[in-house]
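Below: the structure, in structure tokens.
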């Protein structure tokens, strides 16, 4: 088709005129939009596991994020901009999480993204954030592989890498006078990148202190019946048992110990026992007494803002302080970090967030947080123990609500 | 020695539980040549039903089996009638794999919506009780489950061998055409047979929920174990699956206790491969295809 020979009709002229007018109008509107940007909502994108394997924790994180959105907006938002969190479901899939963050950044054009649940999903999600130059404050991906990514945009909102969760138990045991320390130890570990290294860290410190290892076995994740494993452990009768556990296996270990009537003097479980609701439901409320675990948050924490957080949480979702999942606290704390960055710098953009959080220490519900170059927090967890039917902090002494109870009372049934 | 005997006790009791679960699976294959990939999901459904009824009525979970068995019988019969019966006979065996897998996924989704993915367990208060006999621990629930397995297997045997319905099933298994010519309604027999196989999940689910925490995704692990049990025992042989379940239970417990837990499942699969190499139809697989 030759343009020079094309007749320009009257109708064509009108169409061209309308299009030109539309273009001019839209460009005018966008100029107005830029001018009004200061008052436009701050759009935050998050992908969460609202269904699938991680949905319990994903929903807990959602409660935390949405509670923070409500509370920050009550205060007028961030730098005068109301906060609008868009949460999309990744169905616990590492593939879907990549699609979700790509869409949030490129299609929804959110200003900021924050993290999903689990190390498994955080790793691919953080790569997307890094590719587009977004900061990545994340509440629940603290396995070693997350930090091995060497992503300078990432900030993990818990006191330490999750594999360091057992350090506080080792600190407590090794603080005991030699005559009161356990002489023998057994390690029962899930074949898992979080659980097994955590127990191995404790084992290395115990062995260096002369606590003899009498049992050390790893079980695959599909092990549903722990009784044969625990029967072999019980035959060695160690003073202290360290369970490198997640959740179902932690419950199965304890049930097997009860059934085999084996009650060690000290029992530490890396995960599972830290769940305020599920643990007593699964093993029986009267069997929790004396079991150790580690936590990043507890309802009686003295961290600033805790009382207000609990009050707002209970008002919005019901229940009691003791039923708050720590994942909700972590997600809430991820949000408050944004407020603090904005308050300190007067700006809220990805470059500012990354540059600012790499300096200094930041107060959150999780305590004062600071990170190394790749987002690994430099603090430590709290040692908690089930005392009187509730998770109670027992170590370090400075934050302890109660002295550690040892030996562990016998199982009740 | 103490450890070996304790492992034998634990393994035998656990084997009994798997025998109970696998009996329905092997019955369904024997009757219909359907490898039912949804059997694990039916067991989990049985566990959820028992849990809900127990929380609602506070009736003992073992007694609730009397209520849940007919429910699962109808669920199974409906699955066969509406989803498997319409398949073309020539493709039925292959397509039934897809259909039953779809049923498993559907049930998993349904249970996830209703119960979420939180781990649950059935806790009547005695689930962790054990008797100490000569220094060995015998868990009450597993012991009852073992007795229940034996009772269920005896009932299945009696139904198949001593009742008119059982004779109709066996006739349909051996020669569907002749059975039909002799007046057996093979469609109805297949639906009832499938229902019977699924009904065993009620008892299996109650026991499963008592001894281990479960969620809707638990059926994946279960089905892989059940399939290996019925293949080792010989597809279609109830007696074979009982013995295979015992071999699995005792073998896994011994390897776990005496060697390392990481080897326990591997050992079982190694035994399975060896048996299949030497005797491809399994330990007790029938020479005549379909004989129970």
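The values are calculated or read from the model by the stated rules, or taken from the named source; none is laboratory data. All values derive from a computational prediction rather than experimental measurement. Cβ sites come from the backbone with ideal geometry, for glycine too, and all protein chains shown count toward neighbours.
Among the candidates B:233, B:195, which residue alone is crowded, with 24+ Cβ neighbours inside 10 Å, over 30 Å from residue A:251 (Cα atoms), within 14 Å of the chain's Cα centre (by Cα) and more than 12 Å from chain A (Cβ to nearest Cβ)?
Exactly one residue qualifies, and that residue is B:233.
Could you say whether any residue in the stretch B:129-149 is in contact with a strand residue (DSSP E or B) (Cβ under 6 Å, 6 or more places away or on another chain), exposed (fewer than 12 other Cβ atoms within 10 Å of the Cβ) and closer than 26 Å to residue B:60 by Cα?
yes
Could you please let me know if residue A:406 is in contact with a helix residue (DSSP H, G or I) (Cβ under 9 Å, 6 or more places away or on another chain), in the same structural domain as residue A:288 (by TED's automatic domain parsing) and crowded, with 16+ Cβ neighbours inside 10 Å?
Judged against the criteria, residue A:406 is not a match.
Assess whether residue A:110 counts as being touching a helix residue (DSSP H, G or I) at 6+ places or on another chain (Cβ under 7 Å), part of a loop (DSSP other than H, G, I, E, B) and buried (at least 18 other Cβ atoms within 10 Å of the Cβ).
Yes; evaluated as a whole, the condition is true for this residue.
Only residues that are facing chain A (nearest Cβ under 8 Å) and either farther than 15 Å from residue A:224 by Cα or not in a helix (DSSP H, G or I) (or both): list them for the stretch B:256-272, please.
B:258, B:260
Filter the stretch A:295-331 down to the residues that are under 16 Å from residue A:157 (Cα atoms), touching a strand residue (DSSP E or B) at 6+ places or on another chain (Cβ under 8 Å) and outside any loop (DSSP other than H, G, I, E, B) and list them by number.
Passing the criteria: A:295, A:326, A:327, A:330, A:331.
Is it the case that residue A:266 is touching a residue at least 60 places away in the same chain (Cβ under 8 Å), within 25 Å of residue A:166 (Cβ to Cβ) and more than 19 Å from the chain's Cα centre (by Cα)?
So residue A:266 fits the description; yes.
I'd like to know if the stretch B:7-17 contains one or more residues that are at pLDDT below 95 and away from chain A (no Cβ under 14 Å).
Among the residues of the stretch B:7-17, not one is at pLDDT below 95 and away from chain A (no Cβ under 14 Å), which makes the answer no.
Would you be able to say whether some residue in the stretch B:215-222 is more than 14 Å from chain A (Cβ to nearest Cβ) and either modelled with pLDDT under 90 or not in a helix (DSSP H, G or I) (or both)?
Among the residues of the stretch B:215-222, not one is more than 14 Å from chain A (Cβ to nearest Cβ) and either modelled with pLDDT under 90 or not in a helix (DSSP H, G or I) (or both), which makes the answer no.
Just checking, which of A:272, A:290 is modelled with pLDDT of 90 or more and outside any strand (DSSP E or B)?
From the options A:272, A:290, the qualifying one is A:290.
Consider residue A:240 against the criteria (1) modelled with pLDDT of 95 or more; (2) buried (at least 17 other Cβ atoms within 10 Å of the Cβ); (3) closer than 22 Å to residue B:264 by Cα: it satisfies all of them except one. Which criterion is unmet?
All conditions are met except number (3).
Going residue by residue through the stretch A:32-45, is there one that turns out to be modelled with pLDDT of 95 or more and in contact with a helix residue (DSSP H, G or I) (Cβ under 7 Å, 6 or more places away or on another chain)?
Yes: the stretch A:32-45 contains one or more residues that are modelled with pLDDT of 95 or more and in contact with a helix residue (DSSP H, G or I) (Cβ under 7 Å, 6 or more places away or on another chain).
Please go through (1) touching a strand residue (DSSP E or B) at 6+ places or on another chain (Cβ under 9 Å); (2) under 29 Å from residue A:277 (Cβ atoms); (3) more than 11 Å from chain B (Cβ to nearest Cβ) for residue A:201 and return the number of the only condition it doesn't satisfy.
It is condition (1) that residue A:201 fails.
Taking residue A:220 as the residue in question, decide whether it is at pLDDT below 95, buried (at least 20 other Cβ atoms within 10 Å of the Cβ) and within 14 Å of another protein chain (Cβ to nearest Cβ).
Spelling it out, it is not the case that residue A:220 is at pLDDT below 95, buried (at least 20 other Cβ atoms within 10 Å of the Cβ) and within 14 Å of another protein chain (Cβ to nearest Cβ).
Just to check your reading of the model, which residue among A:340, A:330 is surrounded by fewer than 21 Cβ atoms within 10 Å (Cβ to Cβ) and closer than 24 Å to residue A:66 by Cα?
A:340
Select from the stretch A:238-252 the residues that are in contact with a helix residue (DSSP H, G or I) (Cβ under 8 Å, 6 or more places away or on another chain) and over 23 Å from residue A:118 (Cα atoms) and write down the one among them that is nearest to the other protein chains (Cβ to nearest Cβ).
The residue in question is A:241.
Condition check ((1) in a helix (DSSP H, G or I); (2) under 18 Å from the mean Cα position of the chain (by Cα); (3) closer than 30 Å to residue A:251 by Cα) across all residues:
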{"site": "B:77", "(1), (2), (3)": "yes, yes, no"}
{"site": "B:87", "(1), (2), (3)": "no, no, no"}
{"site": "B:90", "(1), (2), (3)": "no, no, no"}
{"site": "B:93", "(1), (2), (3)": "yes, no, no"}
{"site": "B:98", "(1), (2), (3)": "yes, no, no"}
{"site": "B:104", "(1), (2), (3)": "yes, yes, yes"}
{"site": "B:108", "(1), (2), (3)": "yes, yes, yes"}
{"site": "B:123", "(1), (2), (3)": "no, no, yes"}
{"site": "B:127", "(1), (2), (3)": "no, no, yes"}
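When you look at residue A:233, is it farther than 18 Å from residue A:386 by Cβ, touching a strand residue (DSSP E or B) at 6+ places or on another chain (Cβ under 7 Å) and facing chain B (nearest Cβ under 9 Å), yes or no?
Criteria not met by residue A:233.
Inspect the stretch B:21-31 for any residue being within 18 Å of residue B:211 (Cα to Cα) and either within 14 Å of chain A (Cβ to nearest Cβ) or surrounded by 22 or more Cβ atoms within 10 Å (Cβ to Cβ) (or both) and give the result as yes or no.
The answer is yes; a qualifying residue exists.
Looking only at residues that are under 14 Å from the mean Cα position of the chain (by Cα) and surrounded by fewer than 24 Cβ atoms within 10 Å (Cβ to Cβ) in the stretch A:119-134, which one is nearest to residue A:51 (Cα to Cα)?
So the residue we want is A:120.
Of the residues B:137, B:123, only one is at pLDDT 90 or above, within 12 Å of chain A (Cβ to nearest Cβ) and closer than 29 Å to residue B:7 by Cα; which?
Within the list B:137, B:123, the selection yields B:137.
Quickly run through the stretch A:369-384 and pick out the residues that are within 20 Å of residue A:338 (Cβ to Cβ) and not in a loop (DSSP other than H, G, I, E, B).
A:369, A:371, A:377
Run residue A:88 past the list (1) surrounded by fewer than 21 Cβ atoms within 10 Å (Cβ to Cβ); (2) under 25 Å from residue A:324 (Cβ atoms); (3) out of contact with any helix residue (DSSP H, G or I) (no Cβ under 7 Å at 6 or more places or on another chain) and report the number of the one that doesn't hold.
It is condition (3) that residue A:88 fails.
Condition test on residue B:206, is it within 22 Å of residue B:169 (Cα to Cα), in a helix (DSSP H, G or I) and away from chain A (no Cβ under 14 Å)?
no
Do we find that residue A:401 is crowded, with 19+ Cβ neighbours inside 10 Å and touching a strand residue (DSSP E or B) at 6+ places or on another chain (Cβ under 6 Å) in this structure?
no
Could you list all residues from the stretch A:341-368 that are in contact with a helix residue (DSSP H, G or I) (Cβ under 8 Å, 6 or more places away or on another chain) and outside any loop (DSSP other than H, G, I, E, B)?
A:341, A:344, A:345, A:352, A:353, A:356, A:357, A:362, A:363, A:364 - these are the residues of the stretch A:341-368 that are in contact with a helix residue (DSSP H, G or I) (Cβ under 8 Å, 6 or more places away or on another chain) and outside any loop (DSSP other than H, G, I, E, B).
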